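Structure, as structure tokens:
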Amino acid sequence: MAAPQIEIVVVTPFQQNCQLLWDAGTRSGIVVDPGGDVPLILQRIAANHLSIEAILLTHGHLDHAGGAAELRRALPVLPDGAPVPVIGPDRRDAFLLSGITAQATSLGVPGMVDVEPDRYLHEGDVLELAGCRLEVRHVPGHTPGHVVFIDAAQRLGLVGDTLFQGSVGRTDFPYCDGPALIAAIKSKLMVLDDEIVIIPGHGPRSTIGAERRANPFL
Ligand SMILES: [Zn+2]
């Protein structure tokens, strides 16, 4: 299997890493965490000649999910006539997804709205998309329903706001759980091979090995 192609589109004033992931052969792809700036995301989808088969969400924060409803509306429907589905996160983030419009308004950030996923995800779900076999792992703590997507064979981890280069997700909101986040990173991510490349929701990519050696939070 050819390695999937990846392009990062940095979106929103929060500098969030929206990810385009596609199969180089079929150009069938997915969008992960379209937080906003949907016209820019659409431009990159067109520039790469992609047909998008799903929109994936790691968690319910507005900078990750705030553009998902608009993107779902803007994308061409699937061959069966259905809209491109929004998939994820775990249902425990539903309260965040239904609070995006209000939060964006209070922050004065335009273009981010509530979204209702077509499907919530669970630990152990497997998504065969974009030429990848993405395994779903529930990594709560930053938000209660945060999930990550791992393709061990392709050495790829899409980890949202759980693990960053040299850091971990913030846990200072009332619904956060710092000890749970560290425990889940250790049991769900640090068990992976050193060579797995992680693409976080903000900042540069890293590897499991680099974080195992040098991340001061672990
Ligand atoms: Zn977040």
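Taking segment 178-218 as the search range and keeping residues that are among the small types (Gly, Ala, Ser) and part of a helix (DSSP H, G or I), which one is farthest from the ligand (Cβ to nearest atom)?
Step one: of segment 178-218, the residues among the small types (Gly, Ala, Ser) are 178, 180, 183-184, 187, 201, 203, 206, 209-210, 214.
Applying the additional criterion that residues be part of a helix (DSSP H, G or I) yields 178, 180, 183-184, 187, 209-210, 214.
Working: GLY178: 14, ALA180: 15, ALA183: 18, ALA184: 14, SER187: 20, GLY209: 24, ALA210: 22, ALA214: 23 Å.
Ranking the candidates gives GLY209 first.
If you check every pair at least six apart or on different chains, which have Cβ atoms under 8 Å apart with a residue in segment 36-59 that is over 22 Å from LEU127 (Cβ atoms) first and a residue that is within 16 Å of the ligand (Cβ to nearest atom) and of a type in the set (Ser, Thr, Tyr) second?
GLY36/THR12; ASP37/THR12
Filter segment 165-177 for residues that are within 11 Å of the ligand (Cβ to nearest atom) and closer than 20 Å to LEU218 by Cβ; which is surrounded by the most Cβ atoms within 10 Å (Cβ to Cβ)? Even if it seems obvious, please write down each step before you answer.
Here is the first cut: in segment 165-177, the ones within 11 Å of the ligand (Cβ to nearest atom) are 169-171, 173, 176.
Then drop every residue that is not closer than 20 Å to LEU218 by Cβ, which leaves 169-171, 176.
Details: GLY169: 25, ARG170: 13, THR171: 16, CYS176: 16.
Only one residue tops the list, namely GLY169.
What pairs come out if I take residues in segment 81-94 that are modelled with pLDDT of 95 or more and pair them with residues that are assigned to a helix (DSSP H, G or I) whose C-beta lies under 7 Å away, six or more apart or interchain?
Close Cβ pairs satisfying both conditions: PRO83/ARG72; VAL84/ARG72; VAL86/ALA68; VAL86/ARG72.
Suppose we filter segment 172-195 for residues that are among the β-branched types (Val, Ile, Thr) and touching a residue at least 24 places away in the same chain (Cβ under 8 Å); how many remain?
First, pick out the residues of segment 172-195 that are among the β-branched types (Val, Ile, Thr): 182, 185, 191.
The next check asks that each one be touching a residue at least 24 places away in the same chain (Cβ under 8 Å); those that pass are 182, 185.
Selection size over segment 172-195: 2.
Hey, could you check segment 190-218 for residues that are more than 17 Å from the chain's Cα centre (by Cα) and basic (Lys, Arg) and say which is nearest to ALA180 (Cα to Cα)?
ARG212
How many of the residues making up segment 57-102 are open to solvent by less than 20 Å² (accessible area, probe 1.4 Å), more than 16 Å from the ligand (Cβ to nearest atom) and out of contact with any Leu (no Cβ under 6 Å at 6 or more places or on another chain)?
4
Do we find that LEU158 is open to solvent by less than 20 Å² (accessible area, probe 1.4 Å), outside any helix (DSSP H, G or I) and either aromatic (Phe, Trp, Tyr) or closer than 26 Å to ARG92 by Cα (or both) in this structure? Before the answer, list the steps.
Values: open to solvent by less than 20 Å² (accessible area, probe 1.4 Å): yes; outside any helix (DSSP H, G or I): yes; either aromatic (Phe, Trp, Tyr) or closer than 26 Å to ARG92 by Cα (or both): yes.
For LEU158, the condition - open to solvent by less than 20 Å² (accessible area, probe 1.4 Å), outside any helix (DSSP H, G or I) and either aromatic (Phe, Trp, Tyr) or closer than 26 Å to ARG92 by Cα (or both) - is met.
Sort out which residues of segment 103-141 are on the phi > 0 side of the Ramachandran plot and open to solvent by 20 Å² or more (accessible area, probe 1.4 Å), and write them in order of number. Before you say what the answer is, go through the steps one by one.
Pass one, segment 103-141, residues on the phi > 0 side of the Ramachandran plot: 108, 111, 124, 130-131, 141.
Scanning segment 103-141 gives GLY108, GLY111, GLY124, GLY131.
Six or more apart or on different chains, Cβ atoms under 6 Å: show the pairs whose first residue is in segment 134-145 and within 13 Å of SER187 (Cα to Cα) and whose second is in a loop (DSSP other than H, G, I, E, B) and away from the ligand (no atom under 15 Å from the Cβ).
Close Cβ pairs (under 6 Å, with a partner that is in a loop (DSSP other than H, G, I, E, B) and away from the ligand (no atom under 15 Å from the Cβ)) amount to HIS138/GLU123.
The values are calculated or read from the model by the stated rules, or taken from the named source; none is laboratory data. Just so it is clear, the model here is predicted, and its values are computed rather than measured. Methodologically, a virtual Cβ is constructed for each residue, glycine included, from the backbone with ideal geometry; neighbour enumeration extends over all protein chains shown. To get the accessible areas, we keep the full protein, side chains included, count just its heavy atoms, and leave off ligands, DNA and RNA. Shrake-Rupley method; radii C 1.70, N 1.55, O 1.52, S 1.80 Å.
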